[in-house]
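Below: the structure, in structure tokens.
Here, each number is a calculation from the coordinates, and none is a lab measurement. Please read these numbers as outputs of a predicted model, since none were measured by experiment. Here Cβ is always computed from backbone atoms with ideal geometry, including for glycine, and neighbour counts include all displayed protein chains.
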Amino acid sequence: MTIQSTAERLKKNIAAVLVGKDETVELALVALLCEGHLLIEDVPGIGKTTLAKAIARSLGCDFSRIQFTPDLLPSDISGVSIFNQNTREFEYRPGPILSQVVLADEVNRATPRTQSALLEAMQERTVTVDGVTHPIPRPFLVMATQNPIELEGTFPLPEAQIDRFMMKIELGYPTDAEENEILLRYQKTDPLDTLAAVTDPDELLENQRAVREISVEESVRQYIVRLVQATRTHSAVDLGASPRGSMALYRAAQALAAIRGRAFVLPDDVKYLAPFVLTHRVVISPQTRLRGRTPKMVLADIIESVPVPVEKFTA
């Protein structure tokens with residue numbers, strides 16, 4: 001079973017409940033195949049929870065949802081040890097982070113201390129409670145959502161923590177036709193209730209290993225390096241992307257090529273993914289912000305300024 005055929009089955013299955021979000025679903029699958037995590041910044045009610053649940057059910061994976069609030073504690077995420085009076089021993093009660101697909105809803109509502117508990121689990125894929133380390137089951141995908149920063153009562157993720165997310169994406173509002181289709185599709189029942197798995201965790205783990213075998217030609221690899229280096233030298237940028245950003249772009253390009261049925265990465269794969277992988281890793285200067293420029297605008301300029309390799313590729 002090829003990665004492309006698995007991805008097509010997943011996309012078709014998820015499309016049964018999520019209308020008009022083909023690009024978003026593909027990007028989520030890219031992150032999934034790279035063992036990365038997604039940050040979705042958008043307004044409530046546009047399908048973020050539905051997307052996470054649809055992915056989990058399509059994969060046959062465990063799903064948990066964590067609603068982040070200012071009073072949420074790190075132990076509410078990682079779990080706690082409770083003394084058992086019968087056995088006279090402490091027993092670990094797992095927290096919701098020990099699931100295969102985790103929706104961290106409104107992650108910027110929680111305090112930095114609680115955010116750190118989530119992000120540590122994302123990076124290490126383990127949780128430590130009372131000195132005992134517990135592995136998180138694989139595959140493991142965190143989809144974190146956050147409100148726009150200008151909303152009140154939020155704690156923006158620090159740059160060092162937001163860098164842990166492979167990609168940052170937006171769902172956006174549906175078109176008139178898509179919203180009409182949503183109303184018709186959900187008129188009588190919720191299609192999510194009957195959504196069945198079309199693959200399993202073992203097949204996904206096999207695909208994750210296979211993605212690493214996708215060929216990246218030297219000129220394409222150099223193109224990735226030049227793009228990331230350009231974010232560090234641009235006059236409008238105070239803080240550019242880290243080597244973790246280079247690795248994320250490299251892995252994401254491999255996954256996208258596999259999903260689209262190729263055994264090699266094209267420069268266009270890198271150029272297409274760069275805004276999703278690098279924008280949240282770029283901190284622009286205050287003067288640039290005062291001029292009305294955003295990180296997305298600055299990164300678009302950077303991408304256009306870096307020459308694209310023109311070598312011919314063969315399968």
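Here are the numbers for the structure shown:
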quantity	calculated
Within the chain, longest stretch free of exposed GluC sites (Glu not before Pro) [DSSP loop, at most 10 other beta carbons within 10 Å]	1-149
The chain - share of DSSP beta bridges that are antiparallel (%, nearest 5)	40
Length-normalised contact order of the chain in % [C-alpha pairs under 8 Å, at least 6 apart]	21
³J(HN,Hα), Karplus 6.51/-1.76/1.60, whole Hz, each residue of the range 113-122, x for Gly, Pro	4, 6, 4, 4, 4, 5, 5, 5, 5, 4
Fewest-first sequence of 250, 92, 186 by Cβ atoms within 10 Å of each Cβ	186, 92, 250
Amide H partners (placed H, <5 Å) of residue 134, local residues excluded	127, 128, 129
Which listed pairs, of 12/188; 53/168; 53/271, have C-alpha distances above 26 Å, in listed order	53/271
Radius of gyration and maximum dimension Dmax of the range 1-157, Cα, Å	16.9, 55
The chain - Kirkwood radius from inverse mean 1/r over Cα pairs (Å)	20.7
